[in-house]
Each structure stands twice: as structure tokens, then as C-alpha cells.
Amino acid sequence: MIRGYDADLPAPASPRAMTPRSFLLTPELADYVRASSDAVDEVMADLIRETAEMAERGEASPTLQIAPEQGVLMRLLTAALGVRTAIEIGTFTGFSALCIARSLPAGGTLLCLDNSEEWTAVARRYWERAGVADRIELRLGDALPTLRSLPAEETFDLAFVDADKTGYAAYVEELHPRMRANGVVLLDNTLWSGRVLDPADESDRALVELNAALAADPRWETALLPLSDGLTMLRKR
């Protein structure tokens, strides 16, 4: 989920479509970052565009989609870490899942947890088009009970969490026994457009408390990166 927007998309683009970008970057710097990184492919660009058009029609919020440069990083990490099993909490229209699945090896799997049949129907179409649908299992329903129903054994190499912010602490707690040693958890929106410096509501306070707790938790090696809306990387020690 990201809160800044740009008007430019990889061609061909709708002149009205908006690409998510980091709130820390000017539009010019966001363009430079994307131009200096691997580009999203045609399928990913079309998914970004369709999601933006859904937002323009009032059917979804574009702030729920990660920025393209974050997706590129997630593709790189998935490949570099040799990820074979991954889990995502909060899928929306499927861009982040597509980025992970693209870099999984043969036989690799991604489990996606989400509660929206409507939005994930869009995701399914693009996973099929990209040829990665056979690597992705989607489970609909409340994420926390679903996560707790999974065997409490080391299973996942990578996890990405982009869901309700008040639930992050519980998700991290439940993920810990299910991550392999050196497994990486990515938490989105941990800068929350800067609101962590002046928390005003429950979500703000939940992130402030989470960030402080993770920095002091000896079970994790923690780095909060100023990418997009803040991306915290956790490595299970």
C-alpha cells in the first residue's frame, strides 16, 4: 500500500492512470528511481493500470497497491534469497503476489491470504496471464485465523504483510514459528506517510508500537527502509 501517485505509466498508458510512488519522493525523483531500476513487464504494467482505473471509478483505493519499484525489489529478493515457499497477507489486485511468483523457481509456491473475492478476482486473471497461477494458492477469509490454522513449523522463506495495520503485531507473532531460519518478513507501510512521528489514531499507534518492539526483539534482525511508505525487513535469527 502506498500513498503518493504519479501520472506516468509504461506505454501504452491511460492519460488518467496513476502509478503509486513513495511519499518521500518528488514525481521527478520517482521517475528517476524507476528509470534506474529494472522495469515492470507488460503484464505488471497492465495490472497497475487496471487497478488505477478501478480507483478512478471509485471501485477501489489506489493506495492499496505497492509502488512499482517496491515490486521490483521484491522480485529481486525472491530470486536472490532462493525463496521456494512464500506467504502474503493482503493481496488486493495481485501485483505484489505477481512480483513474488515471477521469481519463484520451478515447484515454488506462494500462499496468499485475503478477504476480498472481488479484488482477488482481478489478481487471478493476471496470474493466469503471466503463467504463474499454478504457483499461487489463494485463501479467502480473515487472515489471522487462517494463519493460525497453518502448522506451527518452519515452512516459509519469505513473507509479505500489507493488511490491517492494527493486526501487524499478531501477524508477525504468528509468522515467527512458521518462518525458516534466515527467513525474511517484509512489512509494508511502516512509515505510514510520516504519521509514525505524530500518531493520531489506532493504526498510527499500532505501527509506532510495532516499530519500537521489533527494533528491540532479539528474535529478529530488523531494518526499516525508507522505500515507498516504509518497508521493514525482518530476518529470523
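The values are calculated or read from the model by the stated rules, or taken from the named source; none is laboratory data. No experiment lies behind these values; they were computed from the predicted model shown. Using ideal geometry, Cβ is built from the backbone for each residue, glycine included, and neighbour counts are taken over all protein chains shown. Accessible surface areas use protein heavy atoms only, side chains included; no ligands, DNA or RNA. Shrake-Rupley method; radii C 1.70, N 1.55, O 1.52, S 1.80 Å.
Among the residues of segment 213-233, those identified as of a type in the set (A, V, I, L, M, F, W, C) and over 18 Å from ASP164 (Cα atoms) are ALA215, ALA216, TRP220, ALA223, LEU224, LEU225, LEU227.
Scanning segment 169-201 for residues that are in contact with a Ser or Thr (Cβ under 6 Å, 6 or more places away or on another chain) and not polar (S, T, N, Q), we see that the one that is nearest to PRO20 (Cα to Cα) is LEU187.
Applying the condition of being in a loop (DSSP other than H, G, I, E, B) and open to solvent by 50 Å² or more (accessible area, probe 1.4 Å) to segment 42-63 and asking which residue is nearest to GLU88 (Cα to Cα) yields GLU59.
Looking only at segment 197-210, decide whether some residue is without any contact (Cβ under 8 Å) to a residue 60 or more places away in the chain, surrounded by 17 or more Cβ atoms within 10 Å (Cβ to Cβ) and not in a helix (DSSP H, G or I). No, every residue in segment 197-210 fails to be without any contact (Cβ under 8 Å) to a residue 60 or more places away in the chain, surrounded by 17 or more Cβ atoms within 10 Å (Cβ to Cβ) and not in a helix (DSSP H, G or I).
Listed here are the strands (runs of 3 or more DSSP E) enclosed by segment 64-182 that have at least 1 residues being modelled with pLDDT of 95 or more, surrounded by fewer than 18 Cβ atoms within 10 Å (Cβ to Cβ) and not aromatic (Phe, Trp, Tyr): 109-114, 136-140. Count of segment 20-68 residues, restricted to those that are without any contact (Cβ under 8 Å) to a residue 24 or more places away in the chain and among the hydroxyl-bearing types (Ser, Thr, Tyr), is 4.
Close Cβ contacts (under 8 Å, 6 or more residues apart or on different chains) running from residues in segment 154-170 that are of a type in the set (S, T, N, Q) to residues that are surrounded by fewer than 18 Cβ atoms within 10 Å (Cβ to Cβ) and assigned to a helix (DSSP H, G or I) comprise THR166/GLU202; THR166/SER203. Considering every residue within segment 220-229, establish whether at least one is open to solvent by 10 Å² or more (accessible area, probe 1.4 Å), touching a helix residue (DSSP H, G or I) at 6+ places or on another chain (Cβ under 6 Å) and in a strand (DSSP E or B). Within segment 220-229, one or more residues are open to solvent by 10 Å² or more (accessible area, probe 1.4 Å), touching a helix residue (DSSP H, G or I) at 6+ places or on another chain (Cβ under 6 Å) and in a strand (DSSP E or B).
How many residues are in contact with a helix residue (DSSP H, G or I) (Cβ under 8 Å, 6 or more places away or on another chain) and on the phi > 0 side of the Ramachandran plot when one looks only at segment 186-206? Summing the residues that are in contact with a helix residue (DSSP H, G or I) (Cβ under 8 Å, 6 or more places away or on another chain) and on the phi > 0 side of the Ramachandran plot in segment 186-206 gives 2. The residue that is modelled with the highest pLDDT, counting only those in segment 1-41 that are open to solvent by less than 50 Å² (accessible area, probe 1.4 Å), closer than 15 Å to GLN65 by Cα and assigned to a loop (DSSP other than H, G, I, E, B), is VAL40.
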